[in-house]
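Student: I'd like to ask you about the structure that follows.
The values are calculated or read from the model by the stated rules, or taken from the named source; none is laboratory data. Keep in mind it's a predicted model, so treat the numbers as computed, not measured. With ideal geometry, Cβ positions are generated from the backbone for all residues, glycine too; neighbour counts draw on all protein chains shown. Side chains are part of the model used for accessible areas, which takes the heavy atoms of the whole protein and leaves out ligands, DNA and RNA. Shrake-Rupley method; radii C 1.70, N 1.55, O 1.52, S 1.80 Å.
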Amino acid sequence: MKECLLVWGILCFLMTAHAQSEPDDNDNHRDSHDFIVTLVRHGDRSPRYPLNPELWPMGPGEMTDIGFKQCYEAGKHFRQTQLPTDFPSRWNPDLSYHQARGLDRTIQCATTMLQAIYPDSLKTGSGNEFAAVPPVYAYPLRDDYFLGFTQACTGYKALIGGLQKSPLWQKKAEEMGLDRIRLWAKESGHRPTLHAMMSLADALHIRKLHNLPLPEFLTPRDEQQLEGLIDWFMPQMGKDSRIVQLASQYLVKAIDQRYQHYQSCLESGKTTCEYFYLLSVSDSNILTLMTALGSPAESNVPYTSMLTLRFSASNRTVQVSLNDEPLALSCGKTCSLEQWGQLVASVQSSDWPALCQLKEPEAHSTPDISTGTKKEK
């Protein structure tokens, strides 16, 4: 696997004033010796396959101005709810580590969040000659096995192709209407499969968020069915143990290693240890990790949703929350570090490379077999 690319970004057009975070009166859960891991979904973006590209000058799949603001607010919220009130406002390398999926929108969201988490990092003067820009690390997409399993592993498409042959998926297609699916595919330029229709559903969902009119070839009922497909499709990924294995093996191991590194730092007596691990990701990363942890979601997660793991050094426990709501894992709402270790071990498998390299099945003439065009990700 190639070395991480170091991505530096200062989003000058976003905000010039960096307001200090307001203190939170309830600080009991924010122990200064806790280690925090947060996976955050990026903010509002343009459709990955827009029906009208001229409406999206930022390009397909790129964050909008709304998305940048959402990520900035997410950073403020993270600082207010997860970090002690006296947490430094200027970044230094000992405080945190930041990683993103290898996409513009995830890298930009992480960079924007960090402006709010470290509001004084871009300031100079008062003895600070240079800005302390927090770095964001990302792998190239073709090598992004860590967070980009849908692009890096041919096995993902192979597994989706197999699922589309299953009675459950065939039934879903029949419920939506095979004739309607063929029409939607013809008008949108995609193949007539549930997987490919996710691109159309995504475009419609985003158009609705931005108050754009429905395309002429679609009815309000079509829109309702396609939007419902998103909340059906995404949790289905989490119900397949092989997809969960693909998505979570490296991720869970990396989270555990960052915590172990933090624990070793504390035991060494150092006064400053890495406090949190920020991961800027896509919805698929959050959903599959939730399943791996024993708390599968029933629907998709909104933009800038945060899945947070809090490791307590004093109590030797792990707690997980989604958007500040506690989750019950396979080991309960509060898991011991020993139970966490067992969970990490249960996700590891020597079969991962073979699973990642599975080949796509041959395309089939019926509408629910193939897995989409070559450009599908």
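Student: Restricting the search to region 157-167, which residues are open to solvent by 10 Å² or more (accessible area, probe 1.4 Å) and touching a residue at least 40 places away in the same chain (Cβ under 8 Å)?
Tutor: Once the filter is applied, which keeps residues that are open to solvent by 10 Å² or more (accessible area, probe 1.4 Å) and touching a residue at least 40 places away in the same chain (Cβ under 8 Å), region 157-167 yields 157, 158, 162, 163, 165.
Student: Any residue in region 9-26 that is acidic (Asp, Glu), modelled with pLDDT of 95 or more and open to solvent by 50 Å² or more (accessible area, probe 1.4 Å)?
Tutor: Taking region 9-26 first, the residues acidic (Asp, Glu) are 22, 24-25.
Keeping just the survivors that are modelled with pLDDT of 95 or more gives none.
Among the residues of region 9-26, not one is acidic (Asp, Glu), modelled with pLDDT of 95 or more and open to solvent by 50 Å² or more (accessible area, probe 1.4 Å), which makes the answer no.
Student: Provide a single number: the residues in region 190-209 that are closer than 19 Å to residue 56 by Cβ and open to solvent by less than 50 Å² (accessible area, probe 1.4 Å).
Tutor: Residues that pass the stated criteria total 10.
Student: Moving on to the next point. Determine the pairs where a residue that is under 24 Å from residue 42 (Cβ atoms), located within region 83-110, has a partner that is open to solvent by 50 Å² or more (accessible area, probe 1.4 Å) with Cβ atoms under 6 Å apart, the partner being 6 or more residues away or on another chain.
Tutor: Final answer for the pair search is 99/137; 102/141.
Student: If you take the residues of region 211-244 that are in contact (Cβ under 8 Å) with a residue 60 or more places away in the chain and in a loop (DSSP other than H, G, I, E, B), which of them is most open to solvent (accessible area, probe 1.4 Å)?
Tutor: 212
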